[in-house]
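Trainee: One structure coming up, written as structure tokens, with questions to follow.
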Amino acid sequence: MDINQIHKKVSLLEGICAEAVEIGLKAAVDRFGEPVRFQGNRAFLEETVKVALEHGIALEPGSPMARDIYERAIAERGNQLGPSKDRTPYRAPEKKQEVGKGKGLAL
């Protein structure tokens, strides 16, 4: 296997990892809201911070190493966090008028 084939495989794996982290972050935001608390090994932390900053997802570091990586990334990029780019703002569900048994809607 030559170096070009190895590079292609590594690039593919990196893309898959980034996609998996993105899916996980979006699922966490949908389920728990922001900020998303994160921790793990250095490679996971760095990928999580990178993807979160790209998609405007606020994070809450769950360890000192996570905090250091997150703060360094924010300092390098500038604080670009704002509302998530991929989500519509939360809106409370509309109130529905209930109709009781034997009653119609009064118009």
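Trainee: Conditions first: (1) surrounded by 15 or more Cβ atoms within 10 Å (Cβ to Cβ); (2) modelled with pLDDT under 55. ARG67 passes all but one, so which condition is the exception?
Mentor: (2)
Trainee: In addition: Looking only at residues that are free of Cβ contacts under 8 Å to residues at least 12 places away in the same chain and open to solvent by 70 Å² or more (accessible area, probe 1.4 Å) in the stretch 18-42, which one is farthest from ILE74 (Cα to Cα)?
Mentor: Selected residue: ARG31.
The values are calculated or read from the model by the stated rules, or taken from the named source; none is laboratory data. Model, not experiment: these values are computed from the prediction. Here the Cβ is made from the backbone with ideal geometry for all residues, glycine too, and neighbour counts use every protein chain on show. In case anyone asks, the SASA skips ligands and DNA or RNA and just uses the protein heavy atoms, side chains included. Shrake-Rupley method; radii C 1.70, N 1.55, O 1.52, S 1.80 Å.
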